[in-house]
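Before any comments, here is the structure.
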Amino acid sequence: MIKRSMLMILLWLPLIGSAQSIDSLERELNKNTHNIADKIKIYDSLAKAYRDLNFLKSITYNKLGLELAEKNNDEKSVLKFYSNISASYYRGGIYDTASLYLEKALPLARQQQDYRSEAVIAVTYGAIYQVQSLYNKSLESYLNAAKILEEKNDMKGLCSVYSNIGGIYQILKNYPPALVYFKKAEQLAIEEDNQASLANIYISLSDISLHQNKTKKEPLQYAEKALQISKNINDSFNEASALQMLSRVHYYYGDPQAALPMAQKALQKTKNLGFPNLTAHALIDISNIYFFRDDYTRAAENALESLNTDTTDANIAMNAYANLIQANAYLGHPELTEQYLKSYREVLDRYANNSYQHSLSEMVVKYETEKKELKITALEKQRQLYIWLGIASGILLLFALAFGIIRYRLAMNKRKLAEEKASRLEQEKQLVAVQATLDGEAAERTRLARDLHDGLGSMLSVVKFNLPQVKGGAVLEINDVSRFNKALTMLDDSIQELRRVAHHMMPESLLRYGLKISLTDFCDAIPSVDFHYFGNETRLSEKMEIMVYRCIHELVSNALKHARSSGIHVQLVQEEDRLSFTVQDNGIGFDKKKITEGMGLSNIRQRVEAFNGKMNIYTSNQGTEINVELEFTKN
């Protein structure tokens, strides 16, 4: 007879209540008023409710829900049903099929980035490996699930995973790390009020205490706590496990009378649940108790039934064969003893061979992995060398490009500066020429005005003064008198016109008093023209005042000649750093696209540009507005 550790694997899946809730869910399902989404939810709830009561019914409802979810293209529900079906097959001891559904679920979980489902899948893989005695792979799966949940700080899921990790160490009889993980799981279960997990943890702690303590008290208390919690939450699965643990505690401390009823109750529970692996555990416990009581016939019967129920767990199988060998030896059945001894050796060899093959496979995988890692390292170094060479080449290329661009820009800037200098020189030449022309024009106008006023004007005045004296000494006829008077009148008009022309060629008021007075005199002399002056009356340079006056004079003359306007408005605004003037009429305007600027406007624009000013023309059929802007420089 072999003494074994008690361990129940805790799958991280939610539990659903009592038979009453199952009945109500089945009644809801029979109604035809639900849509597909509601039916999927009901199938899911029923599958979870039956999971620990009848795994076959759980699988049936899971598959019905899966069929609807696939028809409805509900990928989240498809993932959930795949995961739940694998858990149900696991509980039913059908591990190959459970693995098949896990293979379908894992890509969906990763595709949907559902970390919870990925962790549940890892836990289920770990549980399958565990019952197959592949403890290294089982521990690897559990640790992978723990890593996923720790990254998301998911304490509820970690409780179950820590419990399963502790369980692997418990099987390997490495109790210190087992206790560390179980205590972590216990703390999380208490914080989260996770009673099902707490019951499972207490069952494992009872088994560890059983192998570490000399007294019966501590393992018995843990097992009783687990049993009470399981009854309170109506968890038949953990209740059966707690009963098995209580049976083993009594058996371990030499009390088969107390152990047997507990083991028989556990067996009845496991058979009702329909879980082969758990039933095989219960049967081997009963076989051990009967063997302890020297009831070899019943010990052999229960051991044989355990083998017929499930032989997946090598520990249970070897325990059963050991009981059969010893019982038949005591009963005087040498043929059966030899037969079971042979079977025991086969199981032992198979277990040892599997372990050896697994270890060998791991060594081969490790060797291949190391070879790949070395190759990858070499390739990585080569890739890094190429990367650095590429980066260096890229940097050199960038430097070359930058140098070329800088050189090109310097050349372009040099060329641009040369062109600007040439343009500026050409502009300065033009400005000098224009200024010289304007200066010459101003000087010539001044000379002409002076000559007309002082020369020709004086001569005409002398003629006008002498003509009346000539008339006084002569006898003229009436017709001659009339012509004489007419000639005097024409002479007066000529003198006035001469004075007006001389004045406009170079107004004396402009030279003496500035723009405001001279322009006021000019505009007041024309009935249809009004003038407005704004700003300060600081005198400007003589050249600028002459230029502004001549421009306004020319613009008003153009409006009078061509615009057919009834009113002309002249406005001049003088500030500290700028001067602007506007000439606006309400005439017929002109089309700038069809009519080009005439000599007058061209001369005005040229004069304005000579002083770095700008001229803008706005025209429509409602009139024309010409605006000139001049900015003063410090010089």
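The values are calculated or read from the model by the stated rules, or taken from the named source; none is laboratory data. Fair warning: this is a prediction, and the values are worked out from it, not measured in the lab. Here Cβ is always computed from backbone atoms with ideal geometry, including for glycine, and neighbour counts include all displayed protein chains. What goes into the accessible areas is simple: the full protein's heavy atoms, side chains included, and nothing from ligands, DNA or RNA. Shrake-Rupley method; radii C 1.70, N 1.55, O 1.52, S 1.80 Å.
Below, the figures for the structure above:
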| quantity | calculated |
| --- | --- |
| Close pairs from region 294-312: first open to solvent by 50 Å² or more (accessible area, probe 1.4 Å), partner modelled with pLDDT of 90 or more and not in a helix (DSSP H, G or I), Cβ under 9 Å, at least 6 apart | none |
| Meets criteria (open to solvent by less than 40 Å² (accessible area, probe 1.4 Å) and farther than 18 Å from Asp585 by Cα) for Leu515 | yes |
| Matching residues in region 205-233 - criterion: being polar (S, T, N, Q), at pLDDT below 90 and closer than 17 Å to Met262 by Cα | Ser206, Gln221, Ser230 |
| Filter result for the condition that a residue is open to solvent by less than 30 Å² (accessible area, probe 1.4 Å), over 24 Å from Ile121 (Cα atoms) and of a type in the set (Ser, Thr, Tyr), over Ser236, Ser241, Ser230 | Ser230 |
| When residues of region 598-622 are limited to those that are of a type outside the set (S, T, N, Q) and within 12 Å of His562 (Cβ to Cβ), the one modelled with the lowest pLDDT | Gly598 |
| Boolean, Ala563 is modelled with pLDDT under 85 and among the small types (Gly, Ala, Ser) | yes |
| Residue selected from region 591-625 under the condition among the β-branched types (Val, Ile, Thr) and under 57 Å from the mean Cα position of the chain (by Cα), by the criterion most open to solvent (accessible area, probe 1.4 Å) | Thr619 |
| Of the criteria (1) over 52 Å from the mean Cα position of the chain (by Cα); (2) open to solvent by 10 Å² or more (accessible area, probe 1.4 Å); (3) over 14 Å from Asp285 (Cβ atoms), which one Leu179 fails | (1) |
| Criterion (over 14 Å from Ala300 (Cβ atoms), open to solvent by 70 Å² or more (accessible area, probe 1.4 Å) and modelled with pLDDT of 80 or more) met by exactly one of Glu368, Glu338 | Glu338 |
| Tally of residues being basic (Lys, Arg) and either touching a Cys at 6+ places or on another chain (Cβ under 7 Å) or modelled with pLDDT of 85 or more (or both) across region 153-201 | 2 |
| So Leu324, is it at pLDDT 90 or above, crowded, with 24+ Cβ neighbours inside 10 Å and on the phi < 0 side of the Ramachandran plot | no |
| Pick from region 133-143, criterion open to solvent by 50 Å² or more (accessible area, probe 1.4 Å) and closer than 24 Å to Gly93 by Cβ, ranking: nearest to the chain's Cα centre (by Cα) | Glu140 |
| Some residue of region 252-264 being surrounded by 22 or more Cβ atoms within 10 Å (Cβ to Cβ), of a type in the set (Ser, Thr, Tyr) and touching a helix residue (DSSP H, G or I) at 6+ places or on another chain (Cβ under 8 Å) | no |
| Test: Tyr125 is within 18 Å of Leu278 (Cβ to Cβ), part of a helix (DSSP H, G or I) and open to solvent by 40 Å² or more (accessible area, probe 1.4 Å) | no |
| Elements of type helices (runs of 4 or more DSSP H) in region 1-111, at least 1 residues being in contact with a Pro (Cβ under 9 Å, 6 or more places away or on another chain), surrounded by 15 or more Cβ atoms within 10 Å (Cβ to Cβ) and modelled with pLDDT under 85 | 36-50 |
| In region 408-421, the residues that are over 41 Å from the mean Cα position of the chain (by Cα) and over 18 Å from Glu609 (Cβ atoms) | Leu410, Ala411, Met412, Asn413, Lys414, Arg415, Lys416, Leu417, Ala418, Glu419, Lys421 |
| Odd one out for Asn536 among (1) among the polar types (S, T, N, Q); (2) touching a helix residue (DSSP H, G or I) at 6+ places or on another chain (Cβ under 8 Å); (3) closer than 18 Å to Leu630 by Cα | (2) |
| Long-range neighbours under 7 Å by Cβ, at least six apart or interchain, first residue closer than 15 Å to Thr538 by Cβ within region 497-522, second outside any helix (DSSP H, G or I) and modelled with pLDDT of 85 or more | Gly514/Arg539; Leu515/Leu572; Lys516/Tyr533 |
| Positions within region 182-201 being in contact (Cβ under 8 Å) with a residue 12 or more places away in the chain and exposed (fewer than 14 other Cβ atoms within 10 Å of the Cβ), in sequence order | Glu191 |
| Filter result for Glu554 (closer than 19 Å to Glu609 by Cα, modelled with pLDDT under 90 and open to solvent by 30 Å² or more (accessible area, probe 1.4 Å)) | yes |
| Set Leu220, Leu172, Leu158: member being out of contact with any Lys or Arg (no Cβ under 7 Å at 6 or more places or on another chain) and open to solvent by 80 Å² or more (accessible area, probe 1.4 Å) | Leu172 |
| Single match in Ser204, Ser209 (criterion: open to solvent by less than 30 Å² (accessible area, probe 1.4 Å), in contact (Cβ under 8 Å) with a residue 60 or more places away in the chain, in a helix (DSSP H, G or I) and touching a helix residue (DSSP H, G or I) at 6+ places or on another chain (Cβ under 9 Å)) | Ser204 |
| Top-ranked residue in region 527-550 [being among the β-branched types (Val, Ile, Thr) and surrounded by 14 or more Cβ atoms within 10 Å (Cβ to Cβ); ranked as farthest from Gly567 (Cα to Cα)] | Ile546 |
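Conditions tested, residue by residue: (1) within 59 Å of the chain's Cα centre (by Cα); (2) in a loop (DSSP other than H, G, I, E, B).
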site	(1), (2)
Cys551	no, no
Val556	no, no
His569	no, no
Leu579	yes, no
Gly587	no, yes
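Yes or no, residue by residue, for (1) closer than 30 Å to Arg424 by Cβ; (2) touching a residue at least 24 places away in the same chain (Cβ under 8 Å):
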| site | (1), (2) |
| --- | --- |
| Asp524 | no, no |
| Glu537 | no, yes |
| Leu540 | yes, yes |
| Gly567 | no, yes |
| Val573 | yes, yes |
| Asn586 | no, yes |
| Phe590 | no, yes |
